[in-house]
Each structure stands twice: as C-alpha cells, then as structure tokens.
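The structure appears right after this line, and notes come after that.
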Amino acid sequence: PSLEIDADADNIPDNWFKGGWGTNTHTFTYPVAGASGVDAAKVEITSYTSGDAKWYFADAPVLADQDYAISHDYNSDINSEIVIRYTKADGSVFYTFVQSLPSTAGTWQHFEKVATIPSDVVSMSVFHVIANVGSLTIDTYSVKRVPVYVDPSQVLEIAAAGHEVGGHTRTHADLTTLTSAEQQNEIGGSRTDLLDLGITPVDTFLYPEGAYNPEVIAHVQSAGYIAARSVDRGFNTPGGDVYTLKIQAVGRVTTLSEVQNWIDQAIANKVWLILMFHQIDNDPTATFGTTPEILQSIVDYSVSSGIDVVTMREGAALMD
C-alpha cells in the first residue's frame, strides 16, 4: 500500500481513501513531508464531538489463518489507535482493535505488529485513526505475509537433535488482552499441542510480544511450565524470577562487539545472559533478524570465551 504514487494528481495517493464518521471537522492533506521523503499523508481534526478520521488503503488480499506483519511510520500530536478491517468471502466486514498509541510529540515513530488472519477472511485494511482534536501523519506502510519457517516434522527433527522446544501460544496473541479462558487456551493449549506432537519435555514458555501480567504468569505456572522468558532487557541473577527472564536482543543493527560485551559482562558478573534471535537470514528489511555470519561469529566467540551455553530449562534450574 504505497503512498508514493498519485498518477491522476488528485492529491490522493493511488489506492488510498479518506475516511471518517461521527460529528467532527477533519481535513486531509497529501503530500506532506514524511519519515523518508515527501509523500506522507496527514489527517487533522479541528473540532470534535464523536467519531474518528483516518487515511486507509484499498483492501489487500490475504490468506486466512496465516500471519501478516503490518507496519508503518507515524507522527502525531494526539493519542491514536490501530484498527484492522477484515473482509470475509461473502463481502461482510468486521473490525478488530489492535493497539492504542500515545502521542509522539512531533517525532516519527515506527509501528509494527503481527496479525493472524481469521478464518474466512480474504482481504484486510489497516486503519490508523484519531478521535479527538489533533493531527496524525502516516508514511511507509507495509503488509507482508510472515513466512512459515518450520513444519511439525522439522520441529521433531530439531528436538531430536537436542534443541529445547518451548511454548509460545497457539496464535501469537497478546495475552494481556485476552480473557482468562482465552489465556488458558493459548498457554496450556500450546504446551498440549507440542506434547501431542511428540515433543518432550515442554517446560519453558515465551510471551508473545513480551506481553505479560500476574494473571498471565499464573496461567503459565498452572500449565506446567517451569520458566518463562520476556523481552525485558538485562541479565538474570541467581534467585531471580524464572517467570520473567530477561534477554538481550540480537537484531539487524546489533553489532558483534555489542554481543561480545554482553558475554564479557555475564562472565565477569557471574550472571545468565539469554540472547534472543528472532530470525537468521540476509533480509535487510527484517529488523528483528540477523545474518548467518553474525550468528557464526557469536558462536565462535562464545566457544573461545569458555562461557557455559545452556538451554532455558537448564538455566532456570541453575537460578535456584
């Protein structure tokens, strides 16, 4: 859904629309200065009683039950919300609230989220809406299918090779937004699915998007997991909480020297360092990934440093 093209010069980017409802006065401006050029789009509300206003792109075709990464840059002086409009095969639509975003106070910020497409859905659009007096500018939209990296047989091969396999929910949902029954299904259900597949043991859990709260932790414990990892940055010390394990993330801009420094700190301070790798590839647009070369260099440095390399299950046992 590019904002770069306005072939008919009508000040509306091709395949984009102006939207709004309720009682408010809103204006749309295109093009305006963006995060990476001059083809961003701005919406502003100058008086407000009800409703909202937004730019949105023409429905993008999607596959049901698949994951899609949605992202864009935005600049706002007001709180805003992300909503997805799904269109089903029969033409009917429904809306799913995704996230509230605070004002960026005039600076550009990046939004990114993975959405699992519901059954019978054939297309989608993403609404970034404002619902009060203020303005929002949007730029660099992307909707990409998240590739399926492994199938069940490959998971079994990974486990058979000695790697630890842990739970990560059934649908990668933000657990803090779900009911207690839904949390139980996502957390305990994912462990049951892996055990039924033949993976054993399944003792550790990873919170999707790093989102957790006391209720989520309680469900993780009752499901039979002995430890859980967050995306909170830091190191883990003996006697610490094994259900909120901290990590250091290795992303596309993480340098080898940064990782080497983390390893050196772990050795010097006798703490447990968990390195989080989201994906290993050469795709420069995948900001959460790193390259095979960087991974190999990290492995080589770990070996040369003499640091003990353990699984989450083994590390959690050492924290007692």
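Counting only DSSP beta bridges whose two residues both lie in the range 152-318, roughly 10 percent are antiparallel. Between residue 301 and residue 18, the contour length at 0.36 nm per residue exceeds the Cα-Cα span by 96.6 nm.
Just for the chain, what percent of DSSP beta bridges are antiparallel, to the closest 5? Counting only bridges with both partners in the chain, antiparallel ones make up about 85 percent.
Relative contact order, whole percent, for the range 152-318 stands at 18, derived from Cα pairs under 8 Å and 6 or more residues apart. Put a dot 7 Å past the Cα of residue 269, heading toward its Cβ, do the same for residue 180, and the two dots end up 3.7 nm apart. Residues whose amide H lies under 5 Å from that of residue 34, counting only those 5 or more places away or on a different chain, are 39, 40; hydrogens are built 1.01 Å from N in the peptide plane. Here is the list for the range 235-320: trypsin sites (Lys or Arg not before Pro) lying in DSSP coil, each with at most 13 other C-beta atoms within 10 angstrom of its C-beta, are 270. Farthest towards the positive end of the charge dipole of the chain, among the residues 289, 96, 22, is the Cα of 22, using unit charges on the Cβ of Lys, Arg, Asp and Glu. By the beta-carbon count within 10 Å of each Cβ, the least crowded to most crowded order of 283, 196, fewest first, is 196, 283. Phi angles of the range 214-227 translate, via the Karplus equation with coefficients 6.51, -1.76, 1.60 and θ = phi - 60°, into HN-Hα couplings of x, 5, 4, 4, 4, 5, 4, 5, 5, 6, x, 6, 9, 6 Hz per residue; Gly and Pro are given as x. For residue 94 and residue 313, what does the FRET efficiency come to when R0 = 41 Å and r is the distance between their Cβ atoms, rounded to the nearest 0.05? Efficiency computed from Cβ-Cβ geometry: 0.50.
On the basis of the beta-carbon distance and an R0 of 25 Å, residue 132 and residue 110 show a calculated FRET efficiency of 0.65.
Placing unit charges on the Cβ atoms only, positive for Lys and Arg and negative for Asp and Glu, gives the range 246-320 a dipole magnitude near 200 debye about its Cα centre. Over the residues of the chain, the helix contribution to mean residue ellipticity at 222 nm works out to -7000 deg cm²/dmol, using -39500 (n - 2.57) for each DSSP H run of at least 4.
Evaluating 6.51 cos²θ - 1.76 cosθ + 1.60 at θ = phi - 60° for every residue in the range 31-42, the Karplus couplings come out as x, 9, 4, x, 6, 9, x, 10, 10, 8, 10, 10 Hz, glycine and proline recorded as x.
Each residue of the range 112-118 is assigned a 3J(HN,Hα), and the resulting list reads 8, 8, 9, 10, 8, 6, x Hz, derived from the Karplus form 6.51 cos²θ - 1.76 cosθ + 1.60 (θ = phi - 60°), x at Gly and Pro.
Site pair residue 211 and residue 226 shows an inter-label distance of 3.0 nm when each label is modelled 7 Å from Cα along Cα→Cβ. Close amide H contacts of residue 122 (hydrogens built in the peptide plane, cut-off under 5 Å, sequence separation of 5 or more or a different chain): 87, 88, 89. Separation of the range 48-113 from the range 192-236 is 29 Å, based on Cα centroids. Once the dipole of the chain is set up with Lys and Arg at +1 and Asp and Glu at -1 on Cβ about the Cα centre, which of 50, 109, 274 lies farthest towards its positive end? Working it through, the farthest residue towards the positive pole turns out to be 50.
Each Cα pair under 8 Å and six or more residues apart adds its separation to the average, and for the chain the resulting relative contact order is 13 percent.
Under the simplified labelling scheme, the residue 196-residue 63 pair shows an inter-label distance of 2.2 nm, with each label point 7 Å from Cα along Cα→Cβ.
Out of every Cα-Cα pair that the range 152-318 contains, those further apart than 22 angstrom amount to 48 percent. Between 0 and 90 degrees, rounded to the nearest ten: what's the tilt of helix 292-305 against the longest Cα principal axis of the chain? Between the helix axis and the principal axis of the chain, the angle is about 30 degrees. When +1 charges are put on Lys and Arg Cβ atoms and -1 charges on Asp and Glu Cβ atoms, the dipole computed for the chain relative to its Cα centre reaches about 460 debye. For the chain, lysine pairs with C-alpha atoms less than 25 angstrom apart, excluding pairs fewer than eight positions apart on the same chain, total 16. Assuming R0 = 45 Å, what is the FRET efficiency of residue 119 and residue 233, from their Cβ-Cβ distance, to the nearest 0.05? Using R0 = 45 Å, I get an efficiency of 0.80.
Read-outs: derived from the displayed coordinates by stated rules, not from any lab. Predicted, not measured: the structure shown is a model, and the values here were computed from it. Neighbour counts run over all protein chains shown; Cβ positions are idealised from the backbone, glycine included.
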